Amino acid sequence: MASLNHYLILSGVIFTIGVAGVFLRRNLITILLSIEVMLNAVNLSFIAFGHFQGSADGQIIVFFVITVAAAEAAVGLALVISLFRHVETLNPDAFRQLRG
Amino acid sequence: MLIWIPLLPLLGFLINTVAGGRLPKSISGAVASLAMLAAFGVSVVEVAALLNQARGGRELVQTIYTWIASGDFQIPLTLRLDPLSALMILVVTGIGFLIHVYSTAYMHDETAPEYARYFSYLNLFAFFMLLLVLGANFLILFVGWEGVGLCSYLLIGFWYQKPSAADAGKKAFIVNRIGDVAFILGVLLAFVRFGTLDFQRLAGALGPMAPEAAFGAVSLIALLLFIGATGKSAQIPLYVWLPDAMEGPTPVSALIHAATMVTAGVYLIGRNAVLFSHAPEVLLIVAVVGALTAVWAGLFGLVQTDIKRVLAYSTVSQLGYMFLAMGVGAYAAGIFHLFTHAFFKALLFLGAGAVIHALAGEQDLRYMGGLRRDLPITYWTFLMGSLAIAGVPGLAGFFSKDEILYRTFASGHAWLWLIGAATSLMTAIYMFRLVFLAFHGPRRARGSEAPQHAHLHDAPRAMAIPLVVLALGSILAGYAGFPEMFGGANWIEHFLEPSFTAPALAESLEGTEAAGVAASHSLEMVLVIVSSFLALAGIGLAAQLYLKHPGVPARLAARFPWLYRFLVNKGYVDEIYDETLVQPIRSLSENVLWKGLDTRVIDGAVNGVGTIVVETGAAVRHLQTGSMRAYALSVLLGAVLMVGYYLWR
């Protein structure tokens with residue numbers, strides 16, 4: 001039987017994969033996907049906590065997170081498309097115009 | 001009703017300001033003059049109502065609204081008409097109206113907008129002056145006080161294209177400012193000490209107190225107010241602005257710098273007679289300053305060659321007389337002299353204006369002479385004014401001046417009387433020097449322009465009528481104070497007396513005659529004979545010097561060159577002030593305050609703040625790399641640090 005710790009370890013691993021994706025990949029779309037991975041890792045721990053404490057609160061929060069993530073994905077992808085039209089690349093290191 | 005007295009001139013001011021440039025000259029002049037005439041009419045009605053009241057408590061009060069209300073501090077906008085104010089409003093509106101009428105002719109060469117500007121200033125002046133004399137507390141008086149100062153500045157500098165006129169205006173304003181600082185300090189101290197700014201309540205609070213033996217708070221209030229008065233009324237040491245103020249149009253000199261505004265200081269002391277009576281040391285200062293000013297200014301009047309400057313020094317000197325009277329406690333005599341002086345000095349200025357008008361701007365006595373034949377009206381009215389100011393028996397100046405000299409002598413200050421008598425002699429000399437130089441003897445036009453002036457015409461009707469009315473006033477005004485010695489009632493003194501006593505005492509004044517004064521009619525008679533003799537002697541001396549032996553003055557000047565230079569240069573007072581005050585202040589302002597304090601400290605602080613922001617920005621801008629990963633990394637690190645802190649704490 002899987003205990004809370006198992007779920008939390010799995011959640012931590014997925015979160016770390018997401019962080020690694022954000023920092024290591026050089027493609028904006030992949031970075032967005034990595035952020036989704038991080039969000040879902042957090043969702044997993046919420047669900048796990050909720051389940052083991054016998055409360056529905058964790059699930060409620062997850063619904064909010066999914067909603068926000070959907071909005072974020074829509075906006076994020078729109079931005080990425082718009083950026084691509086300007087500079088014909090998806091490499092995040094190309095966008096340095098705001099350097100002080 | 002009282003409010004209409006100042007309001008009517010204000011209305012005239014508004015009309016001439018708003019519509020002035022578009023109105024024809026005849027209408028803007030008529031509006032201003034009619035506003036004054038209407039104000040005079042209302043004043044007469046109000047004063048008549050005042051006279052119907054019982055003598056002890058004569059007053060009319062009108063509170064328009066509460067101006068300032070802050071806790072216990074209440075300043076209502078209240079106008080109060082008492083005998084002193086009554087006399088002042090009659091002088092201001094009556095003589096003011098005559099001078100407005102005179103101005104319609106005198107200023108006729110100005111363009112329509114300038115003409116309207118002139119009359120709007122004149123009306124505005126009348127408004128502030130009436131507010132000054134009607135205000136029931138110090139704050140309203142102060143508004144009027146500053147307002148007339150402003151109008152004085154505007155009118156002295158009326159011909160602002162002329163640098164000397166613009167400078168004279170600034171000088172008047174700045175010198176007055178010095179006095180005004182003292183004035184407002186005195187007012188504040190009076191409020192702190194007595195908790196009221198109302199003249200009557202102040203007098204009521206002071207009434208039961210004994211006069212201050214040592215120099216205390218009451219004396220300090222009185223002294224500060226007096227310093228304010230020396231500025232406005234051109235007394236030593238702040239008299240220097242008045243002679244320069246003659247740069248303004250001549251009717252302005254007559255109205256503001258002779259008849260009304262410069263007497264505001266005398267009025268201020270009269271209004272606070274109870275306060276000053278409680279500060280005997282300050283009263284002595286007032287008397288001494290007045291006497292010294294009278295003789296000092298009289299000396300310069302003897303040698304000035306500009307017709308208006310002679311009259312200006314004469315005004316300073318006569319104001320000195322008024323302060324002398326105030327200083328020896330003869331408040332009614334001082335105000336009486338103010339009243340008669342308003343007539344003959346306005347007349348003299350207007351007469352001088354008529355001369356200047358006829359000679360197309362010539363003001364130098366050396367280039368006049370013989371005008372008696374061409375300007376008969378001007379000559380005769382001017383002569384009346386000169387006789388009146390010289391103190392020839394039977395004319396206005398005789399009664400008021402002798403009242404002052406007698407009361408000075410009776411107060412025990414024989415040496416002040418001596419100064420006053422000497423001034424009286426000088427007054428007769430310089431006035432008749434002026435008359436003889438301008439109107440008698442041969443015509444002495446400037447070389448090239450002699451033929452053009454062959455035919456001069458006398459004052460036009462709008463100028464002649466005020467001259468004649470004022471000449472009548474100069475003859476008759478004195479009979480308001482016809483002394484008891486000659487079987488008169490000295491009506492004006494009895495009329496004014498309640499204004500100079502604490503309110504509680506005023507009611508009991510009924511029937512109490514000045515017993516101690518009545519006993520010494522013989523002394524008064526002797527003094528009157530002496531000063532009449534002095535007046536006639538002065539006229540005779542002037543006749544000898546300037547008619548019979550016209551070479552003598554030049555020989556006297558050659559004989560005492562240092563004295564002559566001293567007098568012609570007005571005692572070098574302007575130069576001394578310039579060296580000891582103006583230049584040090586200018587140098588202080590320029591080198592310390594401007595280049596030191598302002599540029600270094602204040603600008604330095606402001607620029608320093610700017611520099612700090614710029615430098616900090618330059619230093620931290622490198623954090624903004626523009627790289628998205630770097631930002632994300634710092635977010636991650638921040639999150640890790642915060643979580644770590646809470647976990648390992």
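Since every read-out is calculated from the coordinates, none of them should be taken as a lab result. Note that the structure is predicted; figures quoted are calculated from it, not measured. Cβ coordinates were reconstructed from backbone atoms using ideal geometry, including for glycine residues, and neighbour counts include every protein chain displayed.
A few comments on the model shown:
- For a straight C-alpha distance cut-off of 18 angstrom, the lysines reachable from B:K345 (same-chain residues fewer than eight places away being disregarded) are B:K232, B:K308, B:K401.
- Here B:Q544 and B:F482 are evaluated by their C-beta separation; at R0 = 45 Å the FRET efficiency comes out at 0.85.
- Long-range amide H partners of B:W67 with built H, under 5 Å: B:I75, B:L77
- Its alpha carbons give the stretch B:211-363 an Rg and a Dmax of 15.9, 58 Å.
- Rg/Rh for the stretch B:529-574, where both radii come from Cα atoms and Rh is the Kirkwood radius: 1.12
- Point-to-point label distance, A:L98-B:L637, nm (Cα→Cβ direction, 7 Å offset): 1.8
- In this structure the amide hydrogen of B:D306, modeled in the peptide plane, comes within under 5 Å of the amide hydrogens of B:L365, none closer than 5 places in sequence on its chain.
- ³J(HN,Hα) computed for each position of the stretch B:285-295 - Karplus, 6.51 cos²θ - 1.76 cosθ + 1.60, integer Hz, glycine/proline x: 4, 4, 4, 5, 4, x, 5, 5, 4, 4, 6
- Size descriptors for the stretch B:574-648 (Cα atoms only): Rg and Dmax, in that order, 27.6, 85 Å.
- Integer Hz, Karplus 6.51/-1.76/1.60 couplings in order for the stretch B:347-363, x for Gly and Pro: 4, 5, 5, 5, x, 4, x, 4, 5, 4, 4, 5, 8, 6, x, 6, 10
- Stretching B:I27 away from B:E575 to a fully extended chain increases their span by 192.8 nm, per 0.36 nm per residue minus the current alpha-carbon distance.
- If only the Cβ of Lys and Arg carry +1 and only the Cβ of Asp and Glu carry -1, the dipole of the protein assembly as shown around its Cα centre is close to 1660 debye.
- Counting all C-alpha pairs of the protein assembly as shown, share separated by more than 53 Å (%): 33
- Under 12 Å from the Cα of B:K162 - aspartates and glutamates, other chains or at least 8 residues apart: B:E247
- Between B:Y65 and B:A630, the modelled label-to-label distance comes to 6.5 nm, taking each label 7 Å out from Cα in the direction of the beta carbon.
- Alpha carbon centroid spacing (whole Å) that separates the stretch B:114-164 from the stretch B:538-571: 38
- Backbone HN-Hα couplings from phi across the stretch B:77-84 [Karplus 6.51/-1.76/1.60, Hz, Gly and Pro as x]: 7, 10, 9, 10, 9, 10, x, 5
- Point-to-point label distance, B:V552-B:A618, nm (Cα→Cβ direction, 7 Å offset): 8.5
- Cα-Cα P(r), chain B, percent of pairs per 20 Å interval: 18, 49, 21, 6, 5, 1
- By the compact-protein rule of thumb, 2.2 N^0.38 Å, the alpha-carbon radius of gyration of the stretch B:32-162 corresponds to a ratio of 1.20.
- B:M209/B:S587 FRET efficiency (R0 35 Å; Cβ-Cβ; nearest 0.05): 0.15
- Centroid-to-centroid separation of the stretch B:360-438 and the stretch B:300-321 [C-alpha atoms, Å]: 10
- Descending principal axes extents, chain A, alpha-carbon based, whole Å: 51, 25, 24
- Residues listed by number, the stretch B:298-341, amide nitrogen under 13 Å from B:F566 label point at 7 Å toward C-beta: B:299-300
- For the pair A:F63 and A:T89, a Förster radius of 45 Å applied to the C-beta separation gives a FRET efficiency near 0.80, rounded to the nearest 0.05.
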